[in-house]
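All of the numbers you see were taken from the coordinates with simple rules; none came from a lab. In this text, all values refer to a predicted model and were calculated from it rather than measured experimentally. Cβ sites come from the backbone with ideal geometry, for glycine too, and all protein chains shown count toward neighbours.
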There are 2 protein chains.
Amino acid sequence: MARASGERVEEGHVDAGSERASLTREQIVETAISLVDREGVGALSMRRLGGLMGVEAMALYRYVDGREDLLDAMVDAVTAPVESVAAGPADARWGGWRGYLWRLAHYMRDLATKHPNIFPLVATRHPAAPWLRPPLRNLDMVEEFLDTLLNSGFSQQQAAMVYRTFASFLLGHLLLTAAQEADQGQLHQERPALEDLGDFPRIQAMEEWLSDPGADLEEFTDSLEDLLEAIAAHVGEPRADANGSTD
Amino acid sequence: MARASGERVEEGHVDAGSERASLTREQIVETAISLVDREGVGALSMRRLGGLMGVEAMALYRYVDGREDLLDAMVDAVTAPVESVAAGPADARWGGWRGYLWRLAHYMRDLATKHPNIFPLVATRHPAAPWLRPPLRNLDMVEEFLDTLLNSGFSQQQAAMVYRTFASFLLGHLLLTAAQEADQGQLHQERPALEDLGDFPRIQAMEEWLSDPGADLEEFTDSLEDLLEAIAAHVGEPRADANGSTD
DNA sequence: GCAACGAAGTTTACAGTGTAAATAACCGCG
DNA sequence: CGCGGTTATTTACACTGTAAACTTCGTTGC
């Protein structure tokens with residue numbers, strides 16, 4: 001019954017084409033992601049999601065094992081394609097470790113700006129293992145990360161250190177980028193008049209320098225380059241010229 | 001009535017001494033903080049909090065204006081004392097800007113380890129102004145921060161840049177520190193067997209280097225020193241010796 | 001054909017949530 | 001005493017996640 005007559009599902013056009021489509025874990029996760037992208041995690045409820053897929057809420061439980069599991073699955077889904085985009089196996093060494101880290105950083109930044117409402121989840125949910133540090137919590141990706149570094153002459157200890165440092169760097173910058181992107185998207189909610197700053201002359205004087213949201217990418221890039229330089233210095237690499245050819 | 005006879009409030013010994021005590025916004029926020037410290041934000045509900053204070057849930061609404069406001073107030077309360085601890089007005093220039101940033105960083109780290117369940121809120125909630133960057137979102141503190149830097153010879157543009165960079169640095173490192181501290185506290189919940197890593201030789205080989213949770217403080221300190229060095233370099237300061245005396 | 005089976009989705013139910021609105025208990029003051 | 005104001009309680013409602021029973025349906029074995 002249910003979907004037979006004109007019962008007005010919320011907006012979900014399931015597919016109506018192939019055969020019967022039924023439900024899929026991937027479709028559920030995908031729909032949930034798009035909902036959260038549009039309206040934030042607060043808007044994600046099982047009943048609402050069910051409505052979007054033209055199905056009762058409880059039907060989802062055959063595939064997702066509860067809301068928490070769904071959130072984890074969303075995080076995994078969003079961070080999964082990184083290994084095939086940031087640095088596929090073919091060109092993993094193109095540009096050496098610097099090139100690899102550069103591409104990875106910018107891929108993660110894209111992710112944060114595309115899913116600003118989901119990124120806090122990526123940053124905040126406990127990863128499966130305690131040494132897996134957000135936002136770099138995809139096993140395939142971490143494996144490739146370490147592989148690239150070890151192949152570039154880093155010791156195991158150094159590679160682990162770089163992994164941690166790099167993760168912290170991304171976490172800090174991208175969480176801010178995402179937050180900023182998020183309230184840009186949320187059709188300017190009530191800016192509460194911004195207390196008058198009379199007691200804060202320094203802040204008042206510097207407000208223009210502190211704002212400047214357009215500078216975010218530039219700041220990210222600059223900081224990234226500083227970080228790469230610092231890594232190179234710690235590791236004893238000559239200098240730069242962006243090509244650490246190891247083969 | 002309510003608190004008169006033996007009605008078994010959850011555990012809240014309000015004060016039982018002074019006069020009647022009634023309710024206070026500060027007490028509410030304090031109790032909420034201690035609850036979240038013990039059991040995580042998931043455990044904070046208005047009814048539960050009311051129970052802890054020997055009062056019905058709706059009584060809180062005269063003081064906190066809803067759950068969201070309560071969470072904001074908790075974040076503010078937790079990050080407020082920074083100006084009097086990290087660097088009071090008297091010794092704000094002791095050790096120059098390096099000393100100031102050093103003390104501030106360690107104060108914030110203490111905060112993250114003392115309130116690991118609250119720190120994600122500090123990191124994640126939108127600040128009042130868009131240019132106020134977590135976790136440095138206290139106006140008094142930011143004012144002092146900028147003042148210290150400007151008094152140490154930084155230009156306005158440079159000071160703003162340092163503020164942003166420093167905030168990103170803290171956010172990245174402390175969120176990880178807090179997460180780690182948090183699941184140490186949560187009486188080891190089911191570690192789900194940790195998929196066997198057969199497909200990840202690199203990770204498997206380096207697991208010992210990747211774990212090592214004791215190294216967190218050392219890593220933080222090292223990274224902090226790198227950051228201070230980088231700032232000094234960008235600003236054209238001679239070198240180090242931890243005393244940028246400007247007077 | 002037909003009964004049995006398993007899977008997919010629905011119904012019903014329950015305990016818990018935040019919070020708006022009306023109500024009651026208390027205080028000092030006239 | 002009554003009156004008014006502050007504080008806390010009561011009641012109510014819409015919503016949440018999810019356990020358990022139930023219906024519906026396509027497939028398979030005989």
Exercise for the section: Place the label 7 angstrom along Cα→C-beta at A:ALA128 and in each other copy, then list the distances from the first to the rest in nm, shortest first. Expected result: 4.4
Completion exercise
One decimal, nm, nearest first: from B:SER211 to the same residue in each other copy, label points 7 Å out along Cα→Cβ, the values are 5.1
Problem - Per the axis that maps chain B onto chain A, nearest residue of B (Cβ criterion) and its distance in Å - result: B:GLY172, 1
Completion exercise
homo-copy label distances at A:GLY236 (7 angstrom along Cα-Cβ), nm, one dp, ascending, are 3.5
Practice task
Please compute the net charge surrounding B:VAL64, taking Lys and Arg as +1 and Asp and Glu as -1 over other residues with Cβ under 13 Å from its Cβ.
Solution key: -4
Handout entry: Sequence ranges B:42-53, B:196-207, B:135-146, ranked by mean other-Cβ count within 10 angstrom, highest first
Key = B:135-146, B:42-53, B:196-207
Completion exercise
Rounded to whole angstrom, the alpha-carbon centroid of region A:114-163 lies from that of region B:197-226 at a distance of 10 Å
Exercise for the section: Send over the semi-axes of region A:18-83's equivalent ellipsoid, whole angstrom and largest first, taken as the square roots of 5 times the C-alpha gyration tensor eigenvalues. Expected result: 18, 15, 12
Handout entry: Burial ordering of B:ILE28, B:ILE33, fewest other beta-carbon atoms within 10 Å first
Key = B:ILE33, B:ILE28
